[in-house]
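The values are calculated or read from the model by the stated rules, or taken from the named source; none is laboratory data. None of the values given here were measured: they were computed from a predicted structure. Cβ: placed from backbone, ideal geometry, glycine included. Neighbour counts: every protein chain shown. Surface accessibility is based on the protein's heavy atoms, side chains included, excluding ligands, DNA and RNA. Shrake-Rupley method; radii C 1.70, N 1.55, O 1.52, S 1.80 Å.
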Amino acid sequence: MRDTALPTLPAADAASEVRPTLIIFGRQPIAGHCKTRLIPALGPEGAARLYERMLSHIVEHACAARLGKVVVMLTPAAEPSSQAPEQAALRAALEARLRSVVDASADLTFEAQPQGELGERMSRAMARHLPEGPVLLMGSDLPALDSQRLREAAHRLRTHDAVLQPTDDGGYGLIGLKAPCPQAFLLPRWSHAHVCRDTLALLARAGRTAACLPTSWDVDEPRDLARLSRHLPALMADLAA
């Protein structure tokens, strides 16, 4: 499905209307432990390198949107008793690399993801920051989710209770809320072709109005790599297994 062009929305206008916190769900780019479905095409090291590039890409665009603060929530969260020095060093190195791609003035912070299944983690992450204002929560494997689209998502929250960025596999890559809505995350399962549709139904059942951005795409399977090469070839450079 082709993306529909978004109208130009100046950053200052979006920020004056609503300044949401932007939460990015991410993980350590460790070979063999991230983007495992891409390993047959890229190998463990290549899949991990691509994931780190995509995470850096979304962090860069989230900060460039100049909305509210940007919070990178990483998983897994280590238990205090198992925090080995090498794990802390890996986390610090990743944070340093992500800070290096954004302006020094960017309001960028790092937190551990909440515990629980995906829906629980998302709901708890948003509830953690919603007392401060609206929240946009997104994944880290959506190359088309750039700063302009993030500003458009913030703009939609001016007139709606929720906003979603559907993906062409039936899921969504971003959800925004003005107030806690745990009902929106009560899907019995998450890996199926109607996640976005079912989430919209849950929001409606909870009495929340919702807007959708134009359908976009994410990078989960080897077949997604050809599109990534066409649109953002720099992310694919020197990754072959």
Output yes when any residue across region 82-92 is open to solvent by 60 Å² or more (accessible area, probe 1.4 Å), within 27 Å of residue 211 (Cβ to Cβ), charged (D, E, K, R) and without any contact (Cβ under 8 Å) to a residue 24 or more places away in the chain, and no when none is. no
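Conditions tested, residue by residue: (1) open to solvent by less than 20 Å² (accessible area, probe 1.4 Å); (2) charged (D, E, K, R); (3) at pLDDT 95 or above; (4) under 19 Å from the mean Cα position of the chain (by Cα).
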{"site": "5", "(1), (2), (3), (4)": "no, no, no, no"}
{"site": "20", "(1), (2), (3), (4)": "yes, no, yes, yes"}
{"site": "23", "(1), (2), (3), (4)": "yes, no, yes, yes"}
{"site": "29", "(1), (2), (3), (4)": "no, no, no, yes"}
{"site": "49", "(1), (2), (3), (4)": "no, yes, yes, yes"}
{"site": "71", "(1), (2), (3), (4)": "yes, no, yes, yes"}
Qualifying positions in region 103-115 - modelled with pLDDT of 95 or more and either β-branched (Val, Ile, Thr) or surrounded by fewer than 14 Cβ atoms within 10 Å (Cβ to Cβ) (or both): 109
Could you tell me whether residue 223 is free of Cβ contacts under 8 Å to residues at least 60 places away in the same chain, touching a strand residue (DSSP E or B) at 6+ places or on another chain (Cβ under 6 Å), farther than 25 Å from residue 98 by Cβ and of a type in the set (Lys, Arg)? no
Report the residue count in region 181-220 for those that are in a loop (DSSP other than H, G, I, E, B), of a type outside the set (Val, Ile, Thr), under 18 Å from the mean Cα position of the chain (by Cα) and surrounded by 13 or more Cβ atoms within 10 Å (Cβ to Cβ). 6
Among (1) within 20 Å of residue 27 (Cβ to Cβ); (2) in contact with a helix residue (DSSP H, G or I) (Cβ under 6 Å, 6 or more places away or on another chain), residue 151 falls short only on (1)
Based on this model, can you work out whether residue 128 counts as in a helix (DSSP H, G or I), modelled with pLDDT of 95 or more and either out of contact with any Leu (no Cβ under 8 Å at 6 or more places or on another chain) or crowded, with 21+ Cβ neighbours inside 10 Å (or both)? yes
Screening 145, 177, 157, 118 for residues that are under 21 Å from residue 54 (Cα atoms), crowded, with 17+ Cβ neighbours inside 10 Å and hydrophobic (A, V, I, L, M, F, W, C) leaves only 145
